[in-house]
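The values are calculated or read from the model by the stated rules, or taken from the named source; none is laboratory data. Computed from a predicted model, the values in this text were never measured in an experiment. Cβ sites come from the backbone with ideal geometry, for glycine too, and all protein chains shown count toward neighbours. These accessible areas exclude ligands, DNA and RNA; they are computed on the full protein's heavy atoms, side chains included. Shrake-Rupley method; radii C 1.70, N 1.55, O 1.52, S 1.80 Å.
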Amino acid sequence: MISQTNTPLLMGIDAGSSRVRVLLFELDGTLVAEASDEPTVKCSRPGWASTEAEDLFKSCLNAIRSVVALVDKPERIRSVAVASVGDTGVPIDAAGDAVYPIIAWYDCRAQPQANWLKKHIGEERLYRITGLNMNPIFGLCKQLWIRENAPEAFNKTVRWLNTADFLAWKLCGVPATDYSLASRTFALNIQNLEYENELLEEVGIPCNWYQTLVPSGTFLGHVLPEPAKITGLPSDCKVSSGGHDHLVGALIAGATNQGTLINSMGTAEAVTLFLDKPIYDKAVGSHGYVQGVIVADRPYYYHLGGLFTSGGAVQWFHRLTDQRYSHEELIKDAWKISPGANGVLFLPQMRIGSPPNPAEMSRGAFIGLGTDTDHTVLYRSMLEGMAFDVKMIMEGISQLKKAPEIEKIHCFGGESRNDLLMKIKASVLNCALTKMDMPETVSLGAAILGGIGAGIFNNLQEAIKGLRFNTYEILPQPEWVEPYQKFYDDVYSDAWKQIRPLQEKLLKACPPNGNDS
C-alpha cells in the first residue's frame, strides 16, 4: 500500500486516443500511484473509429478503482479533474443516456459536412470567428454528420458533452465545458469567449446543446454515490473542470512563459506557442494552423500546429509487425543506422496533412525502399520523418504574424521517453530540447486543476511553483546536424509537395470509406 501521511492527494485523469490513464499525485507533483484501462475502439469501416460512451466510462472507473486500491487512506484523495482528447463528444438524451457512439477525434467521416460548411459559411468567416481551419475532425462537423446519417439519435439529443466533460459529468452529475475543449467545436467565438449562437442557428444545431463555459480548474461537484461506491473514492472528493489534453499539459510544461514553445508528444503531436491575445492572420488558417484558448487564472491564447500521427505511426508499425520487436530492441538497433536511414524517407501524414501543408485527408508514405530495407531502417526513418515534420511545423509557426520569438522548446508526453527520437529531434532542429522527467504531464496538469477547484491551491501560478519535478536538456548529436539539415533542405522540405498530387489521385481512385463514403 502507498503512503503513510495524511497530506492531500490529487487525481488526474487523461482520457486519450486509446486508453484512460489515472494518476495520483502529492501536492508537489510526486507520483503516488497510476493505472490505465483501454475501452474498445471499433473500426467498422476504413477511416472510421468510435467508442461506446459507457465503455469509456467503465474504463475510467476501472482505472480509478485500481489506483484507489493502492492507497492505504483513500480519504486523502481530495480532488479529481479530467483532461481528454479534443474534437469529439457525446450526444446525450433527456434520460441522460448516450444516443450515439463517440466518434474518434481523428475520424474524418464528416468530410462532406466540412465541405458543406466551407461552401455555405466560408473558411475565412469560420476562421475569423473560431480560430480554426477547415477540418472535418471538429465537433460541429461531427454533429452535422449525425444529423444526416443518424437522424433518430440527432432528434433525441438534448446535450453535447466533450469527452472530458462527459467523464466529469458521470462522476459528479454537473455538466460544464471548459474553454479549451470549446475551442475545438467550431462553436466558440475566440474574440469574446462566448458561443457563436448565430452560427449554430444558421447551420441548424440547437444552441442549448452546449454547456455552461467555465475556466479550467472550476469546482463542479462532489463524486456521486454510485461512482464513489464502485471506485472507492471518498464521497466528499471534489470534481473540477479539466480541459484539452495538449493544453492542460502545456500549462504545467512552461507554456505560460513568453517565447516557450511546447511540444506535446503522444499519439498525436502538438506544437504550441502561447500568445497574449488572438491574432487575425489568414495565413494561420490557410496553412493548417489553429488558434484557441485555455482559461485558468486568465485566458491563455495559442497558435497550434499538429502532427496527427506521431506516436500513432509508431503504434501502427508495432501492429504491422505483430509486436515482434520491443521498443527497446527497435531503439537499440536503430541507433546504429546513420542519419538518412539508408536513403529511406518516411512521410508521417497518415491521417491528416500537417501544417504548413494541410490536407483534409492524407496517407503516409515510405520512399526509397530496397530489398535490403529491414524493420530497423523503417523504424529509424519513421523517427526521422516525425522530427522533420515537427521542424516544418515550427518553421511555419515562427513566421506567423506577431508570433513571439521561440527561445526554448519544452517536450513532454509518452513519446518523449524515446531517447533516440529526442536525440534525432534535437539534431534536426539543431537546438537543445528541455525534457521533463514527468512524461505524464497531462495527468499532472489535470490533477493540479483539480487541486485549484478544490481550494487546495489559490491559483495556477502557486500550484506550478510548488511542483518538484526535474528537467534536463537533450543536446544535438554534433555529427548528425549537418547531414540532417542537408536531407531536410534537399529532400524532405519538398517531398510532400511532390507527392501530394499522387496522394490526391489515390484518394480519388480509392476513397478510404469505399462505396459508403
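Yes or no: TRP145 more than 18 Å from the chain's Cα centre (by Cα), without any contact (Cβ under 8 Å) to a residue 60 or more places away in the chain and either open to solvent by less than 50 Å² (accessible area, probe 1.4 Å) or under 24 Å from LEU247 (Cα atoms) (or both)? So that I can check it myself, show each step before the final result.
Working: more than 18 Å from the chain's Cα centre (by Cα): yes; without any contact (Cβ under 8 Å) to a residue 60 or more places away in the chain: yes; either open to solvent by less than 50 Å² (accessible area, probe 1.4 Å) or under 24 Å from LEU247 (Cα atoms) (or both): yes.
Taking the combined requirement at face value, the residue satisfies it.
Working only within region 492-515, note down all residues that are surrounded by fewer than 15 Cβ atoms within 10 Å (Cβ to Cβ), charged (D, E, K, R), under 28 Å from the mean Cα position of the chain (by Cα) and at pLDDT below 85.
LYS497, GLU504
From the set of residues in region 18-46 that are touching a helix residue (DSSP H, G or I) at 6+ places or on another chain (Cβ under 6 Å) and polar (S, T, N, Q), which is least open to solvent (accessible area, probe 1.4 Å)?
Restricting to residues being touching a helix residue (DSSP H, G or I) at 6+ places or on another chain (Cβ under 6 Å) and polar (S, T, N, Q), the top hit is SER36.
Would it be correct to say that LYS170 is in a helix (DSSP H, G or I), surrounded by 20 or more Cβ atoms within 10 Å (Cβ to Cβ), touching a residue at least 40 places away in the same chain (Cβ under 8 Å) and in contact with a strand residue (DSSP E or B) (Cβ under 7 Å, 6 or more places away or on another chain)?
no
Mind listing whichever residues of region 357-373 are in contact with a helix residue (DSSP H, G or I) (Cβ under 9 Å, 6 or more places away or on another chain), part of a loop (DSSP other than H, G, I, E, B) and at pLDDT 85 or above?
Quick first cut of region 357-373, residues in contact with a helix residue (DSSP H, G or I) (Cβ under 9 Å, 6 or more places away or on another chain) only: 357-370, 372-373.
After this cut, where a residue has to be part of a loop (DSSP other than H, G, I, E, B) as well, the list is 357-358, 360-364, 368-370, 372-373.
Answer for region 357-373, where residues must be in contact with a helix residue (DSSP H, G or I) (Cβ under 9 Å, 6 or more places away or on another chain), part of a loop (DSSP other than H, G, I, E, B) and at pLDDT 85 or above: GLY364, GLY368, LEU369, GLY370, ASP372, THR373.
I'd like to verify a number: residues in region 260-297 that are open to solvent by 20 Å² or more (accessible area, probe 1.4 Å) and either closer than 19 Å to ARG351 by Cβ or without any contact (Cβ under 8 Å) to a residue 40 or more places away in the chain (or both), how many?
5
For region 77-118, how many residues meet the condition of being on the phi > 0 side of the Ramachandran plot and in contact (Cβ under 8 Å) with a residue 40 or more places away in the chain?
Qualifying residue count, region 77-118: 1.
Quick one: which residue in ASN189, ASN162 is crowded, with 16+ Cβ neighbours inside 10 Å and under 19 Å from the mean Cα position of the chain (by Cα)? Steps first, answer last, please.
Values: ASN189 fails: under 19 Å from the mean Cα position of the chain (by Cα).
On inspection, the qualifying residue turns out to be ASN162.
Among what's in region 75-91 and is open to solvent by less than 20 Å² (accessible area, probe 1.4 Å) and more than 30 Å from GLU269 (Cα to Cα), pick the residue that is farthest from the chain's Cα centre (by Cα).
In this case the residue turns out to be ARG76.
Within region 342-392, track down each residue that is of a type in the set (Gly, Ala, Ser), surrounded by fewer than 20 Cβ atoms within 10 Å (Cβ to Cβ) and more than 19 Å from the chain's Cα centre (by Cα).
If the condition is that a residue be of a type in the set (Gly, Ala, Ser), surrounded by fewer than 20 Cβ atoms within 10 Å (Cβ to Cβ) and more than 19 Å from the chain's Cα centre (by Cα), then GLY343, GLY364, ALA365, GLY368, GLY370 are the ones that fit.
Inspect region 241-251 for any residue being part of a loop (DSSP other than H, G, I, E, B) and either in contact with a Leu (Cβ under 8 Å, 6 or more places away or on another chain) or open to solvent by 10 Å² or more (accessible area, probe 1.4 Å) (or both) and give the result as yes or no.
No, region 241-251 contains no residue that is part of a loop (DSSP other than H, G, I, E, B) and either in contact with a Leu (Cβ under 8 Å, 6 or more places away or on another chain) or open to solvent by 10 Å² or more (accessible area, probe 1.4 Å) (or both).
Among the candidates ILE424, ILE452, which residue alone is open to solvent by less than 20 Å² (accessible area, probe 1.4 Å), modelled with pLDDT of 95 or more and in contact with a Leu (Cβ under 8 Å, 6 or more places away or on another chain)?
It is ILE424.
Yes/no per residue for (1) modelled with pLDDT under 95; (2) touching a Phe, Trp or Tyr at 6+ places or on another chain (Cβ under 9 Å); (3) β-branched (Val, Ile, Thr):
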position: ALA187; (1), (2), (3): no, yes, no
position: LEU193; (1), (2), (3): no, yes, no
position: GLU202; (1), (2), (3): no, no, no
position: THR212; (1), (2), (3): no, no, yes
position: LEU220; (1), (2), (3): no, yes, no
position: VAL223; (1), (2), (3): no, no, yes
position: GLY232; (1), (2), (3): no, no, no
position: ASP236; (1), (2), (3): no, no, no
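Which one of the conditions (1) open to solvent by 40 Å² or more (accessible area, probe 1.4 Å); (2) farther than 20 Å from SER310 by Cα; (3) touching a residue at least 60 places away in the same chain (Cβ under 8 Å); (4) not hydrophobic (A, V, I, L, M, F, W, C) does ASP419 fail to meet, given that it meets all the rest?
All conditions are met except number (2).
Here's the yes/no breakdown for (1) in a strand (DSSP E or B); (2) of a type outside the set (Lys, Arg):
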site	(1), (2)
ILE13	yes, yes
SER18	no, yes
LEU24	yes, yes
LEU27	no, yes
ALA35	yes, yes
GLY47	no, yes
GLU54	no, yes
LYS58	no, no
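Do we have any residue at all in region 64-74 that's open to solvent by 50 Å² or more (accessible area, probe 1.4 Å), touching a residue at least 24 places away in the same chain (Cβ under 8 Å) and among the hydrophobic types (A, V, I, L, M, F, W, C)?
First, the residues of region 64-74 that are open to solvent by 50 Å² or more (accessible area, probe 1.4 Å): 65-66, 69-70, 72-73.
This time we only want the ones that are touching a residue at least 24 places away in the same chain (Cβ under 8 Å), so: 65-66, 69-70, 72-73.
Narrowing the set further to residues that are among the hydrophobic types (A, V, I, L, M, F, W, C) leaves 69-70.
Yes, region 64-74 contains a residue that is open to solvent by 50 Å² or more (accessible area, probe 1.4 Å), touching a residue at least 24 places away in the same chain (Cβ under 8 Å) and among the hydrophobic types (A, V, I, L, M, F, W, C).
Could you check region 197-240 and list, in sequence order, the residues that are crowded, with 20+ Cβ neighbours inside 10 Å, assigned to a loop (DSSP other than H, G, I, E, B) and of a type in the set (Gly, Ala, Ser)?
Across region 197-240, the qualifying residues are SER216, GLY217.
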